[in-house]
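**Q** Structure below; questions to follow.
The values are calculated or read from the model by the stated rules, or taken from the named source; none is laboratory data. This structure is a prediction, so every number in the text was calculated from the model and none was measured. Cβ placement follows ideal geometry from the backbone for every residue including glycine, while neighbour counts extend to all protein chains displayed.
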Amino acid sequence: MIGERLRQFREASRVPRAADHDLARGLLAPLLLDLFRAQSARDIVHSAATARWLIERGHDDPDLLVAALLHDIGKGEQRRWDRVGYVLAQEARVAGLIGAGNSRLAFRRAVARSLSHAEASAARMANAGASARAVELTRLHHGPAGEEALLPLLQEADAAN
């Protein structure tokens with residue numbers, strides 16, 4: 001777990017490549033592409049890597065790939081240390097106590113966005129015309145798999161990237 005978190009921290013400074021944008025352009029309708037482009041650079045890289053991971057393993061379901069590209073759009077702009085703090089707060093099981101969307105402190109607002117990002121991402125996708133299934137995959141991407149067969153694939157791809 002610690003090694004994986006260190007890898008994520010190290011990779012957080014990567015910048016999007018043209019291939020990341022090309023992948024999204026090939027899979028997303030214009031309004032959804034606008035959402036993809038509005039993500040932080042780190043989230044663009046992560047979401048493109050998540051979609052690429054699925055494609056490399058033979059998964060080509062359009063709803064799954066749209067969810068992979070947009071599952072984190074609700075996080076908004078966050079500093080690297082906000083994300084580190086959120087992960088630590090989650091591990092200590094205090095993120096729910098720390099997160100406050102109306103706080104004067106940017107860190108507390110960032111934790112609140114991280115806590116609610118799956119719902120926020122799904123709502124933004126629905127407003128931009130994503131399919132109901134892509135929206136639902138996104139909404140559930142941090143929850144139990146339940147009945148949706150594609151959700152474990154999204155979760156595995158998300159965790160791998």
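**Q** What's the number of the only condition in (1) crowded, with 19+ Cβ neighbours inside 10 Å; (2) part of a loop (DSSP other than H, G, I, E, B) that Met125 fails to meet?
**A** The number of the failed condition is (2).
**Q** Being in contact (Cβ under 8 Å) with a residue 60 or more places away in the chain and in contact with an Asp or Glu (Cβ under 9 Å, 6 or more places away or on another chain), is that true of even one residue in region 71-93?
**A** Residues of region 71-93 in contact (Cβ under 8 Å) with a residue 60 or more places away in the chain: 71, 80, 83-84, 87.
This time we only want the ones that are in contact with an Asp or Glu (Cβ under 9 Å, 6 or more places away or on another chain), so: 71.
Within region 71-93, one or more residues are in contact (Cβ under 8 Å) with a residue 60 or more places away in the chain and in contact with an Asp or Glu (Cβ under 9 Å, 6 or more places away or on another chain).
**Q** Still on this model: Any residue in region 99-110 that is part of a loop (DSSP other than H, G, I, E, B), basic (Lys, Arg) and either modelled with pLDDT under 95 or over 17 Å from Leu65 (Cβ atoms) (or both)?
**A** Among the residues of region 99-110, at least one is part of a loop (DSSP other than H, G, I, E, B), basic (Lys, Arg) and either modelled with pLDDT under 95 or over 17 Å from Leu65 (Cβ atoms) (or both), which makes the answer yes.
**Q** Now a separate question. So in region 94-139, with the set limited to residues that are of a type outside the set (A, V, I, L, M, F, W, C) and without any contact (Cβ under 8 Å) to a residue 12 or more places away in the chain, which one is nearest to Phe36 (Cα to Cα)?
**A** Residue satisfying both the conditions and the ranking: Asn127.
**Q** Same structure again: Please determine, by comparing only the residues of region 143-158 that are without any contact (Cβ under 8 Å) to a residue 60 or more places away in the chain and surrounded by 15 or more Cβ atoms within 10 Å (Cβ to Cβ), which one is farthest from Trp53 (Cα to Cα).
**A** Step by step, filter region 143-158, then rank; the result is Glu148.
**Q** Filter region 75-97 down to residues that are buried (at least 19 other Cβ atoms within 10 Å of the Cβ) and either over 19 Å from Val15 (Cα atoms) or in contact with a strand residue (DSSP E or B) (Cβ under 9 Å, 6 or more places away or on another chain) (or both), then give me how many there are.
**A** Number satisfying all stated conditions: 3.
**Q** Oh, and also: Scanning region 98-110 for residues that are among the basic types (Lys, Arg) and surrounded by 12 or more Cβ atoms within 10 Å (Cβ to Cβ), which turns out nearest to the chain's Cα centre (by Cα)?
**A** Applying the filter and picking the extreme gives Arg109.
**Q** In region 49-74, what residues are outside any helix (DSSP H, G or I), of a type in the set (Asp, Glu) and surrounded by fewer than 22 Cβ atoms within 10 Å (Cβ to Cβ)?
**A** Those that are outside any helix (DSSP H, G or I), of a type in the set (Asp, Glu) and surrounded by fewer than 22 Cβ atoms within 10 Å (Cβ to Cβ): Asp60, Asp61.
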